[in-house]
1. Sort 216, 183 so the one with the fewest other Cβ atoms within 10 Å of its own Cβ comes first.
2. I need the peptides 79-89, 47-57 ranked by packing, meaning the mean over residues of other C-beta atoms within 10 angstrom, with the highest value on top.
3. For the chain, what log10 I(q)/I(0) values come out of the Debye formula at q = 0.08, 0.13, 0.15, 0.17 1/Å, with one point per alpha carbon and no solvent?
4. Could you work out how much longer the chain between residue 12 and residue 184 gets when fully extended? Use 0.36 nm per residue separation minus the Cα distance between them, nm to one decimal.
5. Pull out a ≥ b ≥ c, the square roots of the eigenvalues of the alpha-carbon gyration tensor of region 123-229, then state rounded if a/c is under 1.5, prolate if not and a/b is larger than b/c, and oblate in the remaining case.
6. In Å, what Kirkwood hydrodynamic radius results for region 2-125 from the alpha-carbon pair distances?
């Protein structure tokens, strides 16, 4: 059964979320008070509604509080974001995910009772900083207690060696979750490069130059591994 999501606020952030959810087969209700924003997305989602999301009666009339999750992506009008969140909390929405601009908005949303809060600008800044400090890292997911999962290009000194020989677990206290490898394939009569996941690698798996490793471990151990092997 397809899940039903509401995205309120169709700026760049909200529109991107609504479009991705819809492309993945979810039923999406897109809401904004701008007719132009509604017009631009109406063909990409199940339903696009031009309405004032701070209007409690309108939220109830369209069953927004009954969605599996509501994403509050109202950008510039934080007062409207708060009022909409207050209505949804009062209506006992199953799940509310709200966008904040900075720590003060986050604090206010938390005090209101919203537990899932996104600050895209902070996330982007962390990614940029991480990639500047360690160019090998393509993406990462922060976890509690200084652990993270990172996607990292094969460092030079481990190329053409097996995982057993590299000794990630014994030498570096790291675990390879999987490997993405490049393959040359023929598509429409042309040779193209495609990446495929190898699944759970064995200790005998040999590492190649264009491999991308997905590694789990503590930040300091990942940094040590990349410093030694670059």
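Where a number appears in this text, it was derived from the coordinates with a stated rule and is not lab data. This is a predicted model, so every value here is computed, not measured. Note that each Cβ is placed from the backbone with ideal geometry, even for glycine, and that neighbours are counted across all protein chains shown.
1. Working: 216 17, 183 10.
By the 10 Å Cβ count, ascending, the order reads 183, 216.
2. The peptides rank, most packed first, as 79-89, 47-57.
3. -0.44, -0.90, -0.99, -1.08
4. On the way: separation 172, 0.36 × 172 = 61.92 nm, distance 3.53 nm.
Extra length from residue 12 to residue 184 when fully extended: 58.4 nm.
5. Numbers: a/c = 2.04, a/b = 1.34, b/c = 1.53.
Oblate, because a/c is 1.5 or more while a/b does not exceed b/c.
6. Values: mean 1/r = 0.0702 Å⁻¹.
Evaluated on region 2-125, it is 14.2 Å.
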